Amino acid sequence: MQRKLVVAILGKLHTERELINADKTQIYRLAKLASTDEATFRAVCDHVNFFVTFNDRQTLNTTYANHTLENWMELDREMIIALGFKRIRQISDPEVMSRAIREVQSFERAYPDGQRFCSYLQRLYFRGGYQWISTHKTVFDHHTYLNCGYNIQTLGKPGALIRNLLDEVFVEKNAWERFESLGKREREVLALVARGYTSKELSELLFLSEHTVRTHRKNILAKLEITSNAELVRFAQAFELI
């Protein structure tokens with residue numbers, strides 16, 4: 001049933017495999033970042049539109065959750081951690097959950113022989129309805145899994161997003177701090193400038209004077225500590241503004 005669903009949504013089966021492999025490669029990079037720079041890992045995870053968790057390998061209880069899972073569950077991460085795996089059971093389709101657990105058990109048996117990654121589907125109830133979630137799980141250390149989960153229709157996109165966010169320019173922690181320093185209007189202007197809008201066009205679109213637009217552009221370049229439009233576009237792409 002799960003395989004037929006994937007084929008129905010994505011078309012050819014080899015396309016599904018290719019997309020999963022693209023995500024898998026980048027999730028390994030995310031795991032490596034978690035082991036070398038936890039602060040930047042958490043910053044990256046709170047800028048992605050799919051959930052990222054650490055889970056205990058024995059109990060499957062969540063020990064870390066990013067902002068996306070908080071938003072999907074409409075709970076803060078402390079509550080998600082306190083509720084543990086029973087919360088996932090509460091929002092899961094029971095039949096699909098049983099299959100997912102068997103996948104994890106099979107993965108655990110295979111892990112000593114070298115398997116380090118598994119993918120399976122979950123059907124979880126978020127924000128008023130069930131969603132099919134593609135879940136990728138890798139062993140992070142002796143006690144912990146790293147999990148990434150996202151709507152099945154976005155297969156391939158998480159890998160591309162992680163690749164952008166883990167570009168060498170953005171692994172530096174201060175890049176996140178610079179981006180966070182931008183105000184709402186500045187992010188809006190940044191996105192439009194990166195799409196090629198001129199100051200005059202922005203003035204008309206945003207109902208601002210050209211002087212105000214130029215001031216915003218000057219402030220954006222100063223806050224991001226960049227000097228060229230090419231760098232500006234890379235920032236906008238990495239933070240999913242375009």
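A few points about this structure:
- Restricting attention to the chain, lysine pairs at least eight places apart or on different chains and with alpha-carbon atoms under 23 angstrom apart total 22.
- Dimensions of the chain based on its C-alpha atoms, expressed as ranges along the principal axes with the largest first, amount to 63, 38, 34 Å.
- GNM remark for the chain: springs join alpha carbons under 10 Å apart, and the peak mean-square fluctuation among CYS45, CYS148, CYS118 falls on CYS118.
- Pairwise centroid distance, computed over Cα atoms, of the range 207-226 with the range 38-71, Å: 34 Å
- Viscosity 1.002 mPa s, temperature 20 °C, Stokes-Einstein D of the range 173-238 from Kirkwood C-alpha radius, µm²/s: 181 µm²/s
- Cα centre as origin, Lys/Arg/Asp/Glu Cβ charges: the chain dipole, Debye: 580 debye
- Between ARG116 and GLU231, the modelled label-to-label distance comes to 3.5 nm, taking each label 7 Å out from Cα in the direction of the beta carbon.
- FRET E, pair MET97, ARG127, Förster distance 25 Å, beta-carbon r, rounded to 0.05: 0.85
- Charging the Cβ of each Asp and Glu at -1 and of each Lys and Arg at +1, and nothing else, the dipole of the range 173-238 about its Cα centre rounds to 80 debye.
- ³J(HN,Hα) computed for each position of the range 147-158 - Karplus, 6.51 cos²θ - 1.76 cosθ + 1.60, integer Hz, glycine/proline x: 10, 10, x, 7, 4, 4, 6, 9, 3, x, 6, x
- GluC sites (Glu not before Pro) restricted to the range 63-139 and DSSP loop, no more than 12 other C-beta within 10 Å: GLU74
- Of the GluC sites (Glu not before Pro) found in the range 174-242, those that fall in a DSSP loop while having at most 16 other beta-carbon atoms within 10 Å are GLU225, GLU240.
- Note that the range 185-196 has calculated 3J(HN,Hα) couplings of 5, 5, 5, 5, 5, 4, 4, 6, 4, 5, 7, x Hz, one per residue in order, obtained from phi through the Karplus relation 6.51 cos²θ - 1.76 cosθ + 1.60 (θ = phi - 60°); glycine and proline are x.
- Legend: ranking of residues ARG123, ARG109, ARG87, ARG185 from fewest to most surrounding C-beta atoms inside 10 Å; resulting order ARG109, ARG185, ARG87, ARG123.
- Under 12 Å from the ASP76 label point (7 Å along Cα→beta-carbon), backbone N, the range 16-58: none
- Computed from phi, the 3J(HN,Hα) profile of the range 60-68 under the Karplus parametrisation 6.51, -1.76, 1.60 (θ = phi - 60°) reads 6, 5, 6, 10, 8, 9, 8, 4, 4 Hz, with x in place of Gly and Pro.
- Taking amide H as placed 1.01 Å from N in the peptide plane, TYR64 has its amide H under 5 Å from the amide H of PHE54, each at least 5 places away in sequence or on another chain.
Bear in mind that the values in this text are calculations on the coordinates, not laboratory data. Just so you know, these numbers come straight off a predicted model, no measurement behind them. For neighbour counting, all protein chains shown are included, and Cβ atoms are generated from backbone atoms with ideal geometry for every residue, glycine included.
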